[in-house]
1. For segment 112-122, does any single residue satisfy the condition of being open to solvent by 40 Å² or more (accessible area, probe 1.4 Å), of a type in the set (Gly, Ala, Ser) and at pLDDT below 85?
2. Among the residues of segment 33-91, count how many are among the small types (Gly, Ala, Ser) and within 28 Å of residue 10 (Cα to Cα).
3. Taking the options 109, 91, name whichever one is at pLDDT below 80, among the hydrophobic types (A, V, I, L, M, F, W, C) and either more than 16 Å from residue 7 (Cβ to Cβ) or open to solvent by 90 Å² or more (accessible area, probe 1.4 Å) (or both).
4. If we scan segment 51-74, do we find a residue that is touching a helix residue (DSSP H, G or I) at 6+ places or on another chain (Cβ under 7 Å) and open to solvent by 60 Å² or more (accessible area, probe 1.4 Å)?
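The values are calculated or read from the model by the stated rules, or taken from the named source; none is laboratory data. All values reported here derive from a predicted model rather than from experimental measurement. Cβ placement follows ideal geometry from the backbone for every residue including glycine, while neighbour counts extend to all protein chains displayed. Note: accessible area is taken over every heavy atom of the protein model, side chains too, but ligands, DNA and RNA are not part of it. Shrake-Rupley method; radii C 1.70, N 1.55, O 1.52, S 1.80 Å.
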Amino acid sequence: MSQDFNYQEALSQCKTMEDITGKDGLVQKIIKDAVEHILGQEPEDYISEKNNSGDKVSRNGSTKKNIKTAYGNIGIHVPRTREPGFEPEVIKKRAVIDVVSASKLNLSITAGLQQIKIFILKNITM
């Protein structure tokens, strides 16, 4: 998970299923964090490869994009480079995203959901 998202803190604030799966819930935050983490690595690899081959390439901020998931719309930031040529693999430029199904992302989400399940089970009082 990224430095900006504190999973344990967010999880400790969840009191209801709505807090977990609702609008702006924990699941949406996990998906956003996982997608942005993966997207953040892609330009680093591209820039490193191009700079090693003698081309001068640098980052140039990001653009906003919405992805539609079973948990609602999630706003993300897609990184870009100053020079043309970089194409994100997880979420392509100008693509309409209806379902996030990248295998890398599914692994991150599955791990996060497993931790949610463990937290819920530990905190059930009988």
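1. Kept after step one, since they are open to solvent by 40 Å² or more (accessible area, probe 1.4 Å), are these residues of segment 112-122: 113-115, 117-122.
Those still in the list that are of a type in the set (Gly, Ala, Ser) too: none.
Scanning segment 112-122, I find no residue that is open to solvent by 40 Å² or more (accessible area, probe 1.4 Å), of a type in the set (Gly, Ala, Ser) and at pLDDT below 85, so the answer is no.
2. Restricting attention to segment 33-91, the residues satisfying the condition of being among the small types (Gly, Ala, Ser) are 34, 40, 48, 53-54, 58, 61-62, 70, 72, 75, 85.
Those left that are additionally within 28 Å of residue 10 (Cα to Cα): 34, 40, 61-62, 70, 72, 75.
Final tally of qualifying residues: 7.
3. On the way: 109 fails: either more than 16 Å from residue 7 (Cβ to Cβ) or open to solvent by 90 Å² or more (accessible area, probe 1.4 Å) (or both).
Going through 109, 91 in turn, the sole match is 91.
4. Yes, segment 51-74 has at least one match.
A quick yes/no check of all residues on (1) without any contact (Cβ under 8 Å) to a residue 12 or more places away in the chain; (2) closer than 19 Å to residue 82 by Cα:
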{"residue": "7", "(1), (2)": "no, no"}
{"residue": "39", "(1), (2)": "no, yes"}
{"residue": "44", "(1), (2)": "yes, yes"}
{"residue": "49", "(1), (2)": "yes, yes"}
{"residue": "52", "(1), (2)": "yes, yes"}
{"residue": "64", "(1), (2)": "no, yes"}
{"residue": "67", "(1), (2)": "no, no"}
